[in-house]
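To keep things clear, I will list the structure first and then write my remarks on it.
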Ligand code: PMP
Ligand code: GLN
């Protein structure tokens, strides 16, 4: 038997969550909230189940939800996406990313990937016969070297995948970055896959700049989003993809044979919940307080860190504390300190030790304080 993904094993998230459970460690590894979603949202799901919204949704998604997304995106970006032809509801951003990449990548095509990169991108490219070409950034990088990006473009480059706010670094793209990308993509006729799942978790007054807000990018972009992060519902696996009509038509050809359609009552519930923008516009303040609490609690340990600009992750470097490899340290801290994290080197292709750990701060305050205390005793 010949594996299609010979270099892939179990994901680091499964591995670290399992290790955390085995050692009853606090799990700051896998990114998911410790707290529940709003009772109002839970009630809405119950309401639509009781109303019999329990059979297949339309292939492209429940129209009320597509309309609610169009309205929300228009308010933020002034870009109009047509619910009928340009919005597709997916099984999480994971499915949206897979289908978008599958839509554009033919065997031999190259896709520019900024690393560290979320772990699903490269397998999605490789399963479709594509070749990832890496632009390598330090885990606590301050800016992108666009000359380096240009140097990676070849006649075979087909697409670029971007992610802002970024997992795992917590970095946020500036308007100038998006303009640089628009120039390069226009010049070389590249498709863009924009992973914006942390769009509503952004700090210190920064604004999320969506690829949708720049017309020269929007016309060539598959924008992938998720409600998992925004509403504390990672287990519902509800996401979406926005793309121009012709691209959406191709996207849906694949979506319809991968899942056909996704969970019906939850689509109705989220459509109704989206009517009140406060339900998502308050999220940044909620997480900024948690970031500050966590950064403050670990400040005396001696980690090197820049406060996260967005997402619910904080990266820390530890090269002045220990020479250990980050994979070994993440395991040792899970076992000895009782705190699980993610070694950032797993998000790189070749680099096996960047001496950086990623902590998820989507946890209750007392959990974050306890984790900091446990870490301070062992690191
Ligand atoms: N992209 C990034 C950057 C993520 O962090 C995640 C979830 N952890 C996803 C995509 C997948 O989102 P979903 O859970 O909606 O499939
Ligand atoms: N996106 C989450 C993270 O980065 C995990 C998602 C998963 O477990 N696949 O931690």
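Taken together, the values in this text are just the output of simple stated rules run on the coordinates, not laboratory data. Owing to the predicted nature of the structure, the values given are computational and were not obtained by experimental measurement. Heads up, the Cβs are rebuilt from the backbone with ideal geometry, glycines too, and the neighbour counts pull from every protein chain shown.
Going by a ≥ b ≥ c, the root eigenvalues of the Cα gyration tensor, does the stretch 55-276 fall in the rounded group (a/c under 1.5), the prolate group (a/b larger than b/c) or the oblate group? Prolate is the answer for the stretch 55-276, as a/c is 1.5 or above and a/b outweighs b/c. When only alpha carbons are used to place a centre, the stretch 1-78 and the stretch 356-379 end up 24 Å from one another. Stretching residue 278 away from residue 250 to a fully extended chain increases their span by 6.7 nm, per 0.36 nm per residue minus the current alpha-carbon distance.
Separation of the stretch 105-138 from the stretch 298-335 is 26 Å, based on Cα centroids.
Give the calculated FRET efficiency between residue 85 and residue 127 to the nearest 0.05, with a Förster radius of 22 Å applied to their Cβ-Cβ distance. Here the calculated transfer efficiency is 0.25. Quick check: from the Cα gyration tensor, does the chain come out rounded (a/c under 1.5), prolate or oblate? Note, shape of the chain comes out oblate. Taking other C-beta atoms within 10 angstrom as a stand-in for reagent exposure, 36, 292 fall in the order 36, 292, fewest first. Taking other C-beta atoms within 10 Å as the exposure proxy, 356, 221 rank 356, 221 from fewest upward. In a fully extended conformation the segment linking residue 2 and residue 50 would gain 12.6 nm over its present Cα-Cα distance, using 0.36 nm per residue.
Rounded to the nearest 500, the 222 nm mean residue ellipticity of the chain from helices alone is -11500 deg cm²/dmol, with -39,500 (n - 2.57) taken per DSSP H run of at least 4 residues. If you run the Gaussian network model on the chain, springs between alpha carbon atoms under 10 Å, then out of 190, 258, 97 the most flexible one is 258. In the Gaussian network model of the chain, springs joining C-alpha atoms below 10 Å, which of 151, 210, 120 carries the largest mean-square fluctuation? Top of the fluctuation ranking is 151.
Suppose a student asked you for the relative contact order of the stretch 165-318, using Cα pairs under 8 Å spaced at least 6 residues apart; what percent would you report? It comes to 31 percent, rounded to a whole number.
Between the stretch 261-281 and the stretch 152-187, what is the separation of their alpha carbon centroids in Å? Taking the Cα centre of the stretch 152-187 as reference, the centre of the stretch 261-281 is 29 Å away.
The value of relative contact order for the stretch 1-142, using C-alpha pairs under 8 Å at least six residues apart, is 17 percent.
Among 195, 326, 145, the residue with the largest mean-square fluctuation in a Gaussian network model of the chain, with springs joining Cα atoms closer than 10 Å, is 145. Applying 1/(1 + (r/R0)^6) with r as the Cβ-Cβ distance of residue 321 and residue 206 and R0 = 35 angstrom yields a FRET efficiency of 0.75.
Using a simple spin-label model with pseudo-atoms 7 Å out from Cα toward Cβ, residue 219 and residue 175 lie 2.1 nm apart.
Residues of the stretch 331-359 with backbone nitrogen within less than 13 Å of a virtual label 7 Å along the Cα-to-Cβ line of residue 293, please, listed as ranges. Hits in the stretch 331-359 for residue 293 at 13 Å: none. For the pair residue 260 and residue 36, the difference between a 0.36 nm per residue extended length and the Cα-Cα distance amounts to 77.8 nm.
Exposure proxy ranking for 154, 261, 226, 311, based on other Cβ atoms within 10 angstrom of each Cβ and starting from the fewest, stands as 154, 261, 226, 311. Remark: relative contact order (the chain) = 26 percent; criterion is Cα-Cα distance under 8 angstrom and separation of 6 or more residues. Could you calculate the FRET efficiency of residue 74 with residue 300 from 1/(1 + (r/R0)^6), where r is the beta carbon distance between them and R0 is 35 Å, rounded to 0.05? Taking R0 as 35 Å, the efficiency between residue 74 and residue 300 is 0.15. Summarising the label geometry, the points placed 7 Å from Cα in the beta-carbon direction at residue 150 and residue 119 lie 3.6 nm from one another.
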